[in-house]
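J.: Sharing a structure here in structure tokens format.
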Amino acid sequence: MKRLAFLFIFSVWCVGIGFSQNPKVDSLRLLLPESTNEKRVEILHALVINLWLNHPDTALQYAREALRLSGTLNDLRLQAISVRLVGGVYPYKGMYDSALYYTKLAHAISLKTNDSTLISSTYNNLGFVYYHLSSYS
């Protein structure tokens, strides 16, 4: 009887672990209500990166919120990152045309910032999207 009870509790525990969220995502979500401005955008960016593989719809919501907020802050660097992340979510949804549109926009904004890291990451994303569109030229 004890063995059966132990197996039941153990199986419930294993199922619970399987359905639990990523602890990093949970901690980032807890930080959102108390954060403001640039810090909030950075937390949203981290959420997008942690969610886009397994939960692209949720990641897209966070990316759009980051884009909206970075637009109100008039910070070109944050806007470039936000737009790049919006474009980065779309391949996980199989929407390469949207990914291309936002990645080109992110590239244009990155050129305005003159930040070589942002520019090189948008070139990388452009190559990724064009590869998946079978446009190798």
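The values are calculated or read from the model by the stated rules, or taken from the named source; none is laboratory data. What you see is a predicted model; the values in this text were computed from it and never measured. Note: ideal-geometry Cβ built from the backbone for every residue, glycine included; neighbour counts use all protein chains shown. When the accessible area is computed, the model is the full protein with side chains, heavy atoms only, and any ligands, DNA or RNA have been set aside. Shrake-Rupley method; radii C 1.70, N 1.55, O 1.52, S 1.80 Å.
J.: Give the aspartates and glutamates reachable from Lys104 as a straight Cα distance under 20 Å; neighbours fewer than 8 places away on the same chain don't count.
T.: Glu65, Asp75, Asp115
J.: What are the ³J(HN,Hα) values, in whole Hz, obtained from phi via the Karplus relation 6.51 cos²θ - 1.76 cosθ + 1.60 with θ = phi - 60°, for each residue of segment 104-118 in sequence order, with x given for Gly and Pro?
T.: Using θ = phi - 60°, the values come out as 5, 5, 4, 5, 4, 5, 4, 4, 5, 7, 6, 9, 5, 5, 5 Hz.
J.: Report, in debye and to the nearest 20, how large the dipole of segment 58-99 comes out about its Cα centre when Lys and Arg carry +1 and Asp and Glu carry -1 on their Cβ.
T.: In debye, rounded to 20, segment 58-99 gives about 20.
J.: For an R0 of 25 angstrom, estimate the FRET efficiency from the Cβ-Cβ distance between Leu133 and Asp57 and round to the nearest 0.05.
T.: After rounding to 0.05, the efficiency reads 0.70.
J.: How much of Thr117 can a 1.4 Å solvent probe reach, expressed as accessible area in Å² and rounded to 10?
T.: Rounded to the nearest 10, that gives 90 Å².
J.: Calculate the spin-label point distance for Ser35 paired with Arg64, positioning each point 7 Å from the Cα along the beta-carbon direction, and give it in nanometres.
T.: Calculated label separation equals 2.0 nm.
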